[in-house]
Amino acid sequence: MKGSFSEKKRIILHVDMDHFFSAIEERENPNYKRKPVIVGADPREGKGRGVVKTCNYEAREFDIHSGMPISKAWRLCPNAIYVRANYRLYKKVSAEIMKILRNYSEKFQPWGFDEAFLNISSQVQDFDEAIELAVNIKHEILWNERLTCSVGIAPNKLVAKIACDFNKPDGLTVVIDNEVEKFLAPLSVRKMLWIGEKTENKLNEIGIKTIGDLAGYDVSVLIEKFGVMGARYHQWAHGIYKSEVGGRRRIRKSIGHESTFMANVNDQDLIYKKLENICQKVYERIIRRKLLFKTVTVKIRYGNFQTYTHGKTLLFFSNRLQDLQKTAQKLAQGFLCNNEKIRLIGVRVSTLKSSKGQRSLV
DNA sequence: TCTGGGGTCCTAGGACCC
DNA sequence: TCTGGGGTCCTAGGACCC
């Protein structure tokens, strides 16, 4: 007999705040109510660079969505309320919400600022009780924070997340065990976690449009085309997703900072100055977190959006600003010899370890 | 019609060691 | 003369997430 009687079915809940950043802005500024609110880069009268971070549903009426160039948003709706992101505030609100959620289960996993997974298998007997619990969560967040969220309930994280996205805002979607495949089948493959634009296109090319198509496809062909990911896509399309809530402890693997120039530049003094500045910022975060780094990577984006990286692993771990700056400068030189205009420059350090218990390098 | 900034994970080739 | 196979580290690029 497969499985066992003692194997308890999992009930996983995914909570996603509705248009989090713009919802907070609306809450803080009652006069924003019922007007399109767009949080993101400065539109600078349509000449601004950068993208929309979040926008409310009134702005979505104008076909504006997150990730859209802010200049395009401006053309679509110049009269919207444009707000710069206030991360300090969002972080504070996020912490309050996570505190609420954590109370519902110790098996808890934040997913970015405004989403989280909860394994509530030990808290509830069945999906009916899970719905009750989800309603309580929604009420508590609304009562305490005056913000709405959407919830998905399913036997695993993947389906819970897709279910959550199925009905927004202020939604609650439940997918019970034996309805998982039926629920997934008609959805676009794009709804699947880890399938983005590129993979969607590749799947479309071989006639796979829906998750049902993917589930029915010959797995050996998927493996041939997508390697190990092909096998995973196939499993996921059948609603099989084993990952535990809060399963793997996350250790920070890298710290970086990057910045886009207001206009593309080839002025070397300006570029090196910016690079120095970025190194300083990364350095401060390294020190604050008591870390040592070994690898430095410089990223350059040219005016044509072609993006490249150069990296160098030092022979030793360091937390010295001069090591970071000297290495970054050398790496950047390789990019700047052709005098081509640059759009973005960034620095990231990786191969990290804790500097606790070590004498700091001066 | 132009495309942010913070990250993670995967792939693939080359160097090097045993 | 020519030459296997496994493991690890480094580097660069790509795809994806929020």
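Note on the stretch A:108-131: residues that are in contact with a helix residue (DSSP H, G or I) (Cβ under 7 Å, 6 or more places away or on another chain) and open to solvent by 60 Å² or more (accessible area, probe 1.4 Å) amount to 3.
With respect to being touching a strand residue (DSSP E or B) at 6+ places or on another chain (Cβ under 8 Å) and crowded, with 22+ Cβ neighbours inside 10 Å, A:Ala185 falls outside the description. Just to be sure, is A:Ala134 free of Cβ contacts under 8 Å to residues at least 40 places away in the same chain, open to solvent by less than 40 Å² (accessible area, probe 1.4 Å) and either of a type in the set (A, V, I, L, M, F, W, C) or in contact with a Ser or Thr (Cβ under 6 Å, 6 or more places away or on another chain) (or both)? No, not satisfied. Take the stretch A:224-261 and flag every residue that is within 10 Å of DNA strand B (Cβ to nearest atom) and touching a Gly at 6+ places or on another chain (Cβ under 8 Å). A:Gly256, A:His257, A:Glu258, A:Ser259, A:Thr260, listed by residue number. Scoring A:Ser105 on the criteria (1) part of a loop (DSSP other than H, G, I, E, B); (2) open to solvent by 10 Å² or more (accessible area, probe 1.4 Å); (3) polar (S, T, N, Q) leaves a single failure, condition (2). If you go through the stretch A:315-338, how many residues are touching a residue at least 12 places away in the same chain (Cβ under 8 Å), loosely packed, with under 15 Cβ neighbours inside 10 Å and assigned to a strand (DSSP E or B)? Qualifying residue count for the region: 1.
Residues checked against (1) among the aromatic types (Phe, Trp, Tyr); (2) within 13 Å of DNA strand C (Cβ to nearest atom); (3) within 20 Å of A:Asp269 (Cβ to Cβ):
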site: A:Gly303; (1), (2), (3): no, no, yes
site: A:Gln306; (1), (2), (3): no, yes, no
site: A:Gly311; (1), (2), (3): no, yes, no
site: A:Asn319; (1), (2), (3): no, no, no
site: A:Asn339; (1), (2), (3): no, no, yes
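Counted as qualifying within the stretch A:114-227 are the helices (runs of 4 or more DSSP H) with 1 or more residues that are small (Gly, Ala, Ser) and farther than 30 Å from A:Ala23 by Cβ, namely A:211-216, A:219-226.
The values are calculated or read from the model by the stated rules, or taken from the named source; none is laboratory data. Not measured: the values here are computed from a predicted model. Counting neighbours? That spans all protein chains shown, and the Cβs are built from the backbone with ideal geometry, glycine included. Only protein heavy atoms, including side chains, enter the accessible area calculation; ligands, DNA and RNA are left aside. Shrake-Rupley method; radii C 1.70, N 1.55, O 1.52, S 1.80 Å.
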